[in-house]
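S.K.: What follows is a single structure, and I will ask about it in a moment.
The values are calculated or read from the model by the stated rules, or taken from the named source; none is laboratory data. None of these values were measured; they are calculated from a predicted model. Please note: Cβ atoms are built from the backbone with ideal geometry, for glycine as well, and neighbour counts cover all protein chains shown.
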Amino acid sequence: MSSEYLLLRAKNDELIENSACGGAVTSILKYLLDEEEVDGVLTLKKGDDIYDGVPVFIEDSEEIMNTCGSLHCAPTMFGGLISKYLKNQKIGVVAKPCDAMAIDELKKRNQIDEDNIYTIGLNCGGTVMPATAQKMFELFYEVNPDDVVKEEIDKGQIIIELKDGTEKGIKIDDLEEEGYGRRENCQKCELKIPRNTDLVCGNWGSEDDWTFVEINTEKGKTLVDKALKKGYLESKNPSEDLIGRRSKLENIMIKLAKKFQKNYLENNYPETDKWDEYWNRCIGCYGCRDACPLCWCKECDLEKEFYKDVNPDISPDPLTFQGIRLSHMSFSCVNCGQCSDVCPMEIPVARMYDKMQKIYREKNGYIAGVSEEKPPIFVPDEE
Ligand SMILES: Cc1cc2nc3c(=O)[nH]c(=O)nc-3n(C[C@H](O)[C@H](O)[C@H](O)COP(=O)(O)OP(=O)(O)OC[C@H]3O[C@@H](n4cnc5c(N)ncnc54)[C@H](O)[C@@H]3O)c2cc1C
Ligand code: SF4
Ligand code: SF4
Ligand code: SF4
């Protein structure tokens, strides 16, 4: 279907008050639960503080209010959680572009059932690692990170609010020039509006207390129509000016990401003759495999004895380890950055996998998480 644009907002003042924009996402999740269209919804709630985003599967709509709002220091990934734990349930999920891309790749591999899932997308300008955020607030904002009670990204700044109500903002560009700010993967991430979802929500092009929504599928359209009819939401049409503003912002962000890619995937990409230097740091902890949403095999080759030529009790040598993983899934890498985030040896794992996907893309035209067809090399059965 061709895209349809709407401004939506909750018909519930408390919900609007707590939400990131107009509370459209939370209202839709509430509708899904109240009307028993799903068994539960997978989303995020704030834990102890703003650095603590906790994935939650909610089955009772009374609890949905705890999940409102945007957490920028929560670089979570829902794709693997669904394929591992929620495969046989009917669910609604909130999906950043990297979540949406991983979900799509997993659908192609029969690990997620299209008919069991509603995807409510979020535009995404990026996330910040919690530890980086804490250091950054201390160094550049000169505040105690424990005193920060709220954070938001607005007009190119990361703005924080302290316990005493004061606000401070610094331009993201300035922070990133100093090696802080968004994760490397987010800085080079080029899918900003995930149109591979049923509908996608954002603040670009929205008015105060409204959410800008692009409807992408018939399923998404029916869902919004039903939630409107049942009184969970109200709607109005965005002006051409707002639609244009959103598109302009999207294009600026894509251009910035491509510029960053040039730097990190072309200029600073580790030369193949330096690969040993990186991989020799690998301690074979399996962290990158376990965090990767696309490493879904039930029986992993990396645990098979014939690859462990030194000692059957330890993991394969680093080059065999990553060689096998690269050959199994790098063409499907969605640049989510989870592998780099968890690597205890600070190996830029995701940079290498993303680079391999981009080489594969150049040769075959296959864009992981975006192309509708299945990947040309590897299309396994469900098991
Ligand atoms: C990290 C991040 C970056 C964003 N960047 C942009 C941007 O650059 N441009 C833009 O137009 N919009 C961006 N958004 C979307 C925007 O902030 C709002 O989430 C969106 O407009 C929906 O508003 P709402 O009031 O309808 O959502 P709400 O009703 O407040 O619901 C928000 C939902 O998002 C979930 N959520 C919060 N944080 C995360 C997270 N880290 N990962 C996954 N789910 C999460 C919540 O649990 C909740 O279900 C971003 C959102 C996030 C989370
Ligand atoms: S990788 Fe992309 S979609 Fe994922 S959190 Fe970063 S910017 Fe958002
Ligand atoms: S290889 Fe790394 S960046 Fe690529 S999909 Fe897996 S976890 Fe994400
Ligand atoms: S997370 Fe790092 S150290 Fe652990 S197996 Fe992966 S590359 Fe090696």
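S.K.: How about the range 161-195: which of its residues are away from ligand 3 (no atom under 16 Å from the Cβ), out of contact with any Phe, Trp or Tyr (no Cβ under 6 Å at 6 or more places or on another chain), not charged (D, E, K, R) and not in a loop (DSSP other than H, G, I, E, B)?
M.R.: Residues satisfying the conditions are Leu162, Gly169, Ile172, Leu175.
S.K.: Report yes if some residue within the range 303-310 is β-branched (Val, Ile, Thr) and within 26 Å of the chain's Cα centre (by Cα); otherwise report no.
M.R.: no
S.K.: Filter the range 279-292 down to residues that are closer than 18 Å to Gln338 by Cβ and in a helix (DSSP H, G or I) and give me whichever is nearest to ligand 1 (Cβ to nearest atom).
M.R.: Result: Ala291.
Residue-wise test of (1) assigned to a strand (DSSP E or B); (2) touching a residue at least 40 places away in the same chain (Cβ under 8 Å); (3) touching a strand residue (DSSP E or B) at 6+ places or on another chain (Cβ under 6 Å); (4) within 14 Å of ligand 2 (Cβ to nearest atom).
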position	(1), (2), (3), (4)
Ser70	no, yes, no, yes
Ala74	no, yes, yes, yes
Met77	no, yes, no, yes
Gln89	no, yes, no, no
Met101	no, yes, no, yes
Ile112	no, no, no, no
Asp115	no, no, no, no
Ala133	no, yes, no, yes
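S.K.: Would you pick out the residues in the range 135-154 that are without any contact (Cβ under 8 Å) to a residue 40 or more places away in the chain and either crowded, with 16+ Cβ neighbours inside 10 Å or more than 20 Å from Glu184 (Cα to Cα) (or both)?
M.R.: Residues satisfying the conditions are Phe137, Glu138, Tyr141, Glu142, Val143, Asn144, Asp147.
S.K.: Here is a follow-up. Residues to consider are Gln89, Gln157; find the one that is more than 16 Å from ligand 3 (Cβ to nearest atom), at pLDDT 95 or above and more than 13 Å from the chain's Cα centre (by Cα).
M.R.: Within the list Gln89, Gln157, the selection yields Gln89.
S.K.: Right, here's the next one. What residue, of Glu184, Glu214, Glu234, Glu218, is within 17 Å of His72 (Cβ to Cβ) and either within 16 Å of ligand 4 (Cβ to nearest atom) or modelled with pLDDT of 95 or more (or both)?
M.R.: Criteria check complete, one pass: Glu184.
S.K.: Quick check on the range 117-131: of everything there that is of a type in the set (Val, Ile, Thr) and part of a loop (DSSP other than H, G, I, E, B), which residue is farthest from Gly181 (Cα to Cα)?
M.R.: So the residue we want is Thr127.
S.K.: For Cys201, work out the one condition from (1) surrounded by fewer than 23 Cβ atoms within 10 Å (Cβ to Cβ); (2) under 22 Å from Pro97 (Cα atoms); (3) out of contact with any Pro (no Cβ under 9 Å at 6 or more places or on another chain) it doesn't fulfil.
M.R.: Only one criterion in (1) surrounded by fewer than 23 Cβ atoms within 10 Å (Cβ to Cβ); (2) under 22 Å from Pro97 (Cα atoms); (3) out of contact with any Pro (no Cβ under 9 Å at 6 or more places or on another chain) is unmet by Cys201, namely (1).
S.K.: If I ask for residues that are farther than 16 Å from Asp208 by Cβ, touching a residue at least 60 places away in the same chain (Cβ under 8 Å) and buried (at least 24 other Cβ atoms within 10 Å of the Cβ), which ones from the range 1-29 would you list?
M.R.: Result: Val25, Ser27, Ile28, Leu29.
S.K.: Sticking with this one: Report, by residue number, each residue of the range 56-68 that is crowded, with 16+ Cβ neighbours inside 10 Å and touching a residue at least 24 places away in the same chain (Cβ under 8 Å).
M.R.: Residues satisfying the conditions are Phe57, Ile58, Ser61, Ile64, Met65, Thr67, Cys68.
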